[in-house]
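Read-outs throughout are calculated quantities, based only on the coordinates presented, and are distinct from any laboratory measurement. None of these values were measured; they are calculated from a predicted model. Using ideal geometry, Cβ is built from the backbone for each residue, glycine included, and neighbour counts are taken over all protein chains shown.
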Amino acid sequence: MMTARKVGESRRTNRGNAGRGRVKGVPNKVTGALKDMILGALDAAGGQHYLTQQAHAHPGAFFTLLGKVLPLQVTGNDEGPIKTLSVDLPIDPIDAARVYMEMMRGDA
């Protein structure tokens, strides 16, 4: 004869560590290894000089990369409003990135 289970009671009572996942704060080894490989490949390809060449050759891809490495939320000095930049196209992507970085530092 089967014994009745209570509502919400599991059939398996001893699950060990199943379903608990990685301990908080432990980095994902695959992500770290992949990042190291990408940075190694960039260094082998010529580093900053290579990125500059790619920015001129493929500005759309360069700005996509730039969008990935910039902060997600941007505020102005002392948490105030941000400055805006109006640009007449066409503009060299390197010049646009330089102007943007100067604005972010407050040099402009």
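Taking the highest mean first, how do the peptides 21-30, 96-105, 42-51 order by number of other beta carbon atoms within 10 angstrom per residue?
On the way: 21-30: 7.5, 96-105: 14.1, 42-51: 11.5.
Taking the mean over residues of other Cβ atoms within 10 Å, the ranking is 96-105, 42-51, 21-30.
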Item to complete: Using θ = phi - 60° and the Karplus relation 6.51 cos²θ - 1.76 cosθ + 1.60, list the HN-Hα couplings for region 37-52 in order, rounded to whole Hz, with x at every Gly or Pro.
Response: 5, 5, 5, x, 5, 4, 5, 5, 7, x, x, 4, 4, 4, 4, 5
Worksheet item: In nm, to one decimal, how far is the residue 58 label point from the residue 103 one, both placed 7 Å along Cα→Cβ?
Response: 2.6
